[in-house]
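Read the structure below first, then the notes.
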Amino acid sequence: MSYQIGVKKPFTSSQTDMLLIFVPVFLVYLWSVPPTVVFEDDGLFLLSAYFNGISHPPGYPLYTLLAHLVTMLPGTSVAVKVHALSALFGALTCSCVYLLAYQMINNRVAASMAGLAFGWSEVFWSQSIIAEVYSLNAFLFFLMLTLMMQIRRAPGQAVWLSRNIALCFGLGLSNHWPLFVLSSPLVIAMLWPWDRSRIILFIKAIPFLLVGLLPYLWMVIRSQMDPVISFYGPINSLYKLWFVISRAGYADVDTSSTATWIDKYDFAVYFFRQFISQYGLPGMVLVITGFVSQWRQWPLSLVIGYGLAFLCNSLVLIGMLGFDFDVLHQYIFRVYPTIAYGIASLWLGLGFHTFVNFIRARKQSVIGVQTFIYGLALIVLVTELLTNIPLNYRGADTWSEKYAHAVLENLEPNAVLFTSGDSTTDPIGYLNLVEQVRPDVTLYNSLGLVLANRLYSFSESEHGRRLIIDNFIEHTDRPVYFMGELPSSYGNYFQGLFLKINRDRSRKNTVYQINAQLHDDLLRLIAVPAPVDHWQSLMHQMLTLDYCQMSAFFILPTLTPGTLDETWVEPLCKTYLGYLKYAELLLDLENPDRRILDFLLARAEPLQIQAISKKDRAMVEYYRGLFYMIKGDALNANQFFQRALSTWPHPDNPANTSHKN
């Protein structure tokens, strides 16, 4: 059976069905949205939305503008309003997927399966309930595809449709241009054949594409107004504009010097595992069936176009990126193939339609066929929903808010707090600047990013930052705290959640100091089941390491070789990174006990698979090399240093120096 494109009046036959798709998806999203700030990029987008600021490259001006408008609505919190906006775009996307599938399959139940299955797939659902750009990106993309399909069905509407297609493309570039450009092969295929009249039609529509790019102009203008949130500061030159839009500042993030083709292979395997998990087992059976069936039911240009878009948003993207295959980069990558999963949802709808036709051809009873159709649809959707609810229900998720509260409320009055990474700056910034928690505290970003009150440019050298921060500390009488690495020559008090600057310039070491309230707050944060959310889980591990560092400092000096059992190790620290933290603190002692060090490394080595990064994975081998150096066994020490360098062949690997020595 070949696919035939019928001429129908645009969008008249399925508007009610689109509403029936929108409502259940939107309600599920609203039920599952977090009530407050969470990790990932959520905090930064909430801050940018509230202050109408500039987010991280490429700036995402369209999403920021729309989210800012939403924050002006009355009632509820800024977080809930912006999360609901993402939910709105996610549900609208599912309606577009339904309409596109109906245009191609001409079966309402199968098209409904495509729309609902995409809405409740694991990754798309997760991105449609937080402040993120992916649901808007998917909405603009699938709306554009729906309009393109309508040109094939109703050529008489070509002028109006081409202008709206160009506008959608421009708006898509103003939201997340890298993923939109990667999907362009499908845009070309959807409008095939490109005869002279069609080319002229779209050349005439270019002004509408330029209108879609206007949010970038507003981003430049807004950056000159010194908004509270401005990732790099004022965009005052074409070079700076290109630096932001091209994501040049993320070159080191997108490409690692230690990544190899093995990492790309591992990411390809990881992608297919993620892909299989999106819909549940029954849904994946339908996806595979639809992928096979499309070759005889859809035009070849569309089959090739959908295939290219799927590959470009997955395997081709993996080939372009130079990620190390580690936990951190898996978390970064997992959301990128959103468009690919949307295309797979179309295959799922076609697979369902193929199954239905197969049964109809073999069953005489209409009642029996109808029962089978709705029963199969129910099994697929309920299985998917029940599988993904535990992963995506965040209606009671306040962990990151509790974390930010714990930090802010344990600072001294009128304190200055320097944050560094996203996981500290964004949730703490949201509570402090938007929710006005501890307004007496002033936040700075130690990397010169995000906050407009920067002390120096993000391009300042490490040495220059140190001098400027030292000068700042010297000339303020306010208590100063740091989170992350300490870019200062001052000593500090390690207090668990943060470091407090020690103003005694003669004391440049770290002094361990914690009060009962801070200890209880830290323990409450980590003494919970491992979070399901990936980024929250990562932050949970980091806080647990802070706790392990504190406990190790007080426990290790009191140990003797006769106490070598598990009882002295804090239960929360019996992990790969926990044992390594104990070993690291032991090695900092003047005369570390070799038997205790051997005990810790022996416990860590079987848990190496828990490492977050290649750097973490290499540390157990590096510490084992130091262990043999302490024993005076240069041969074994050298072998472990070489293994550490093989695991993480980076100039910053300390095994480089030890190996040479």
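The values are calculated or read from the model by the stated rules, or taken from the named source; none is laboratory data. Quantities reported herein were computed from a predicted structural model and do not represent experimental measurements. Because the Cβ atoms are built from the backbone with ideal geometry, glycine has one as well, and the counts that use them run over all protein chains shown.
Values for this structure:
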| read-out | value |
| --- | --- |
| Among the residues listed as VAL109, VAL80, the single one being at pLDDT below 95, of a type in the set (Val, Ile, Thr) and assigned by TED's automatic domain parsing to the domain that holds LEU346 | VAL109 |
| Selection status of PRO529, closer than 30 Å to ILE332 by Cα, at pLDDT below 90, surrounded by fewer than 16 Cβ atoms within 10 Å (Cβ to Cβ) and not hydrophobic (A, V, I, L, M, F, W, C) | yes |
| Tally of residues being farther than 26 Å from ASP426 by Cβ and touching a Ser or Thr at 6+ places or on another chain (Cβ under 6 Å) across the stretch 110-139 | 3 |
| Failed item, numbered, when LEU300 is tested on (1) over 30 Å from THR647 (Cβ atoms); (2) modelled with pLDDT of 95 or more; (3) not β-branched (Val, Ile, Thr) | (2) |
| Those helices (runs of 4 or more DSSP H) lying entirely in the stretch 98-179 with at least 3 residues in contact (Cβ under 8 Å) with a residue 12 or more places away in the chain and within 20 Å of ILE200 (Cβ to Cβ) | 134-153 |
| Options LEU408, LEU378, LEU391, LEU385: the member that is surrounded by fewer than 15 Cβ atoms within 10 Å (Cβ to Cβ) and part of a helix (DSSP H, G or I) | LEU378 |
| Breaking point among (1) hydroxyl-bearing (Ser, Thr, Tyr); (2) surrounded by fewer than 17 Cβ atoms within 10 Å (Cβ to Cβ); (3) modelled with pLDDT under 90, for SER246 | (3) |
| Neighbours by Cβ (under 8 Å, 6+ apart or cross-chain): first from the stretch 278-292, surrounded by 24 or more Cβ atoms within 10 Å (Cβ to Cβ); second outside any helix (DSSP H, G or I) and not basic (Lys, Arg) | GLN278/SER121; TYR279/SER121; LEU286/TYR279; VAL287/TYR279 |
| Hey, VAL511 at negative phi and either surrounded by fewer than 19 Cβ atoms within 10 Å (Cβ to Cβ) or free of Cβ contacts under 8 Å to residues at least 60 places away in the same chain (or both) or not | yes |
| Complete set of residues in the stretch 437-450 that are surrounded by 16 or more Cβ atoms within 10 Å (Cβ to Cβ) and either in a loop (DSSP other than H, G, I, E, B) or outside the structural domain of LEU486 (by TED's automatic domain parsing) (or both) | VAL437, ARG438, VAL441, SER446, LEU447, GLY448, LEU449, VAL450 |
| Residue identified as touching a residue at least 40 places away in the same chain (Cβ under 8 Å), of a type outside the set (Ser, Thr, Tyr) and buried (at least 17 other Cβ atoms within 10 Å of the Cβ) among GLY429, GLY421 | GLY429 |
| Helices (runs of 4 or more DSSP H) wholly inside the stretch 451-569 containing at least 2 residues that are farther than 27 Å from ILE612 by Cβ | 462-474, 516-526 |
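For every residue, the table says whether it meets (1) surrounded by fewer than 17 Cβ atoms within 10 Å (Cβ to Cβ); (2) within 30 Å of TYR270 (Cα to Cα).
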{"site": "ILE339", "(1), (2)": "no, yes"}
{"site": "ILE343", "(1), (2)": "no, yes"}
{"site": "GLY351", "(1), (2)": "no, yes"}
{"site": "GLY368", "(1), (2)": "yes, no"}
{"site": "ILE373", "(1), (2)": "no, no"}
